[in-house]
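Read the structure below first, then the notes.
The values are calculated or read from the model by the stated rules, or taken from the named source; none is laboratory data. Only a predicted model underlies this, so the values are computations on that prediction, with no experimental measurement involved. Cβ coordinates were reconstructed from backbone atoms using ideal geometry, including for glycine residues, and neighbour counts include every protein chain displayed.
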Amino acid sequence: RKEVEQDPGPFNVPEGATVAFNCTYSNSASQSFFWYRQDCRKEPKLLMSVYSSGNEDGRFTAQLNRASQYISLLIRDSKLSDSATYLCVVNHRDDKIIFGKGTRLHILP
Amino acid sequence: GAVVSQHPSWVICKSGTSVKIECRSLDFQATTMFWYRQFPKQSLMLMATSNEGSKATYEQGVEKDKFLINHASLTLSTLTVTSAHPEDSSFYICSARAQGKDGYEQYFGPGTRLTVT
């Protein structure tokens, strides 16, 4: 099993819709979790950290399920500008950062 | 968020030459920086972890004599690709670790696109 797995997509979603994707991780000792956004030919940018209690930032909601070892990202009222690749990032106890391969999202007008 | 810069943003070099890429944390001190490589349509692959004042820790399969890393100060790490070959053409991205609200967060430089002809 890969350390961090994501559905590569692409997810083609009409503007205004809600979209969600998950990411599973294999190491139960993983400490912290993040979602990054990467636009084509650009560096990844931190979208949000994922807290145990779940967290929300505007249209974005992140959840962590430690028992099932997955994190999720929900985007409500999607905008054209949300089109990007979303990277799941897991930080192990030894500070090793593991990236998922990313989920591509295309928001359709 | 914290700002990380990289220079150059793109470089074209001839096979056999060496290329140095700089990574700077602009508004914070970073004891640890990371170097990644990303090939088209693939995820970021960690090459090495750079610790200020000590030797870098390389990931398995990454040649330390080919990819020289120096982290001489708390705000600067450099990656030198020695004797570059076309297969080294890639997007090289550095990141620096900064203290966030809930532990450490990674901030990325804008990347350096290397093309070796």
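Within segment A:38-62, can you find the residues that are within 8 Å of chain B (Cβ to nearest Cβ) and either of a type in the set (A, V, I, L, M) or surrounded by 13 or more Cβ atoms within 10 Å (Cβ to Cβ) (or both)?
Filtering segment A:38-62 for residues within 8 Å of chain B (Cβ to nearest Cβ) gives A:41-46, A:49, A:51.
Within segment A:38-62, A:42, A:43, A:44, A:45, A:46, A:49, A:51 qualify.
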Exercise for the section: Please indicate, with yes or no, whether at least one residue in segment B:74-88 is modelled with pLDDT of 90 or more and under 22 Å from residue A:40 (Cβ atoms). Expected result: yes
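Is it true that residue B:5 is surrounded by 12 or more Cβ atoms within 10 Å (Cβ to Cβ) and under 22 Å from residue B:115 (Cα atoms)? Write out each step before concluding.
On the way: surrounded by 12 or more Cβ atoms within 10 Å (Cβ to Cβ): yes; under 22 Å from residue B:115 (Cα atoms): yes.
Against the criterion (surrounded by 12 or more Cβ atoms within 10 Å (Cβ to Cβ) and under 22 Å from residue B:115 (Cα atoms)), residue B:5 qualifies.
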Fill in the blank from the handout: Only one of (1) assigned to a strand (DSSP E or B); (2) more than 11 Å from chain B (Cβ to nearest Cβ) does not apply to residue A:27, and that is (1)
Problem - segment A:1-11, subset surrounded by 13 or more Cβ atoms within 10 Å (Cβ to Cβ) and not acidic (Asp, Glu), residue nearest to residue A:66 (Cα to Cα) - result: A:4
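For every residue, the table says whether it meets (1) of a type outside the set (Val, Ile, Thr); (2) at negative phi.
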{"residue": "B:8", "(1), (2)": "yes, yes"}
{"residue": "B:16", "(1), (2)": "yes, no"}
{"residue": "B:33", "(1), (2)": "yes, yes"}
{"residue": "B:36", "(1), (2)": "yes, yes"}
{"residue": "B:41", "(1), (2)": "yes, no"}
{"residue": "B:49", "(1), (2)": "no, yes"}
{"residue": "B:62", "(1), (2)": "no, yes"}
{"residue": "B:83", "(1), (2)": "yes, no"}
Practice task
Hey, can you tell me all the residues within segment A:47-72 that are part of a strand (DSSP E or B) and touching a residue at least 12 places away in the same chain (Cβ under 8 Å)?
Solution key: A:47, A:48, A:49, A:50, A:60, A:61, A:62, A:63, A:64, A:70, A:71, A:72
Problem - Condition met for residue A:29 (out of contact with any Asp or Glu (no Cβ under 7 Å at 6 or more places or on another chain), over 14 Å from residue B:44 (Cβ atoms) and modelled with pLDDT under 90) - result: yes
Practice task
Give the residues of segment B:26-56 that are crowded, with 16+ Cβ neighbours inside 10 Å and free of Cβ contacts under 8 Å to residues at least 12 places away in the same chain, sorted by residue number.
Solution key: B:43
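If I ask for residues that are out of contact with any helix residue (DSSP H, G or I) (no Cβ under 9 Å at 6 or more places or on another chain) and assigned to a strand (DSSP E or B), which ones from segment A:30-43 would you list?
If we filter segment A:30-43 for residues that are out of contact with any helix residue (DSSP H, G or I) (no Cβ under 9 Å at 6 or more places or on another chain), which is where we start, we get A:30-36, A:38-43.
Listed by number, the residues that qualify are A:32, A:33, A:34, A:35, A:36, A:38.
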